[in-house]
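The values are calculated or read from the model by the stated rules, or taken from the named source; none is laboratory data. The model shown is predicted, which means the values in this text are computed figures rather than measured ones. Positions of Cβ are backbone-derived with ideal geometry, glycine not excepted, and every protein chain shown enters the neighbour counts.
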Amino acid sequence: MTKSRPPSHFQHLYQTNPDPWDFETSSYEQAKYRNSLDALGGRHFVSGLEVGCSIGVLTRMLALRCGRLLGLDIVEAPLPAARARCADVPQARFARMRIPLEWPDEQFDLIVFSEVLYFLSAGDIERCARRVLDTLLPDGAVLLVNWTGKTDDPSPGNAAPDRFIAQVRDRLRVTHQERHPRYRLELLTST
């Protein structure tokens with residue numbers, strides 16, 4: 001059985017490059033961030049959760065639309081940069097957590113998984129879905145963004161969101177979906 005990527009995988013990436021996915025400079029990332037924010041519409045959220053916040057580029061954008069936002073990463077390495085990037089955004093907080101084994105003891109009306117689900121095993125994606133259902137407020141939204149290109153990660157980019165959506169389909173439905181050349185995006189809301 002394929003296992004989720006361990007913290008050591010990400011620790012190694014950050015040791016060799018403080019921005020291993022070029023979040024700060026990539027035109028792909030900037031376009032994806034714009035599409036992600038557009039998918040949320042003009043809504044302001046009370047409490048947001050971003051799983052896999054890395055150096056906080058998307059976190060900062062999301063925090064400006066939230067009363068409070070918690071950014072999580074599996075390793076501590078990128079979090080000082082994320083905290084510095086969001087130093088003037090007091091509603092942004094950060095923590096190191098290995099999801100789904102660890103999960104914040106809070107409730108959220110926005111939960112974002114932007115290019116993180118495919119790092120997880122099928123079982124961990126299902127556990128994440130259950131955690132989301134346990135902590136999502138009744139009027140909440142879940143944003144899934146997944147790379148669809150070839151990868152050797154545990155869950156391919158199309159399989160990961162499909163598995164997540166299948167786990168939550170009794171309580172959440174896809175209300176917005178986009179397919180782009182290299183990624184897909186789904187917004188899920190309460191049924």
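Would you say Gly149 is within 17 Å of Leu185 (Cα to Cα) and surrounded by fewer than 18 Cβ atoms within 10 Å (Cβ to Cβ)?
yes
Could you tell me whether Glu115 is crowded, with 17+ Cβ neighbours inside 10 Å and at pLDDT below 95?
Yes; evaluated as a whole, the condition is true for this residue.
Residues of the range 38-94 being outside any strand (DSSP E or B), under 22 Å from Val132 (Cα atoms) and in contact (Cβ under 8 Å) with a residue 60 or more places away in the chain, which ones?
Answer for the range 38-94, where residues must be outside any strand (DSSP E or B), under 22 Å from Val132 (Cα atoms) and in contact (Cβ under 8 Å) with a residue 60 or more places away in the chain: Ala39, Leu40, Arg43, Gly52, Ile74, Val75.
Does Ala95 satisfy the criteria of being over 22 Å from Leu188 (Cβ atoms) and modelled with pLDDT of 95 or more?
Spelling it out, Ala95 is indeed over 22 Å from Leu188 (Cβ atoms) and modelled with pLDDT of 95 or more.
Is at least one residue of the range 111-119 more than 24 Å from Val46 (Cα to Cα), in contact with a Lys or Arg (Cβ under 7 Å, 6 or more places away or on another chain) and either without any contact (Cβ under 8 Å) to a residue 40 or more places away in the chain or part of a helix (DSSP H, G or I) (or both)?
Yes; the residues of the range 111-119 include at least one that is more than 24 Å from Val46 (Cα to Cα), in contact with a Lys or Arg (Cβ under 7 Å, 6 or more places away or on another chain) and either without any contact (Cβ under 8 Å) to a residue 40 or more places away in the chain or part of a helix (DSSP H, G or I) (or both).
What's the number of the condition Asn17 fails, among (1) over 28 Å from Leu133 (Cβ atoms); (2) in contact (Cβ under 8 Å) with a residue 24 or more places away in the chain?
Among (1) over 28 Å from Leu133 (Cβ atoms); (2) in contact (Cβ under 8 Å) with a residue 24 or more places away in the chain, Asn17 violates only (2).
Condition (residue is buried (at least 23 other Cβ atoms within 10 Å of the Cβ) and either more than 21 Å from Arg171 (Cβ to Cβ) or small (Gly, Ala, Ser) (or both)) applied to the range 35-44: is it met by at least one residue?
no
Checking Asn146 against (1) in a helix (DSSP H, G or I); (2) touching a residue at least 24 places away in the same chain (Cβ under 8 Å); (3) of a type outside the set (A, V, I, L, M): exactly one of these is not met. Which one?
So the condition that Asn146 fails would be (1).
Which residues, taken from the range 164-180, are acidic (Asp, Glu) and in a loop (DSSP other than H, G, I, E, B)?
Result: Asp170, single match.
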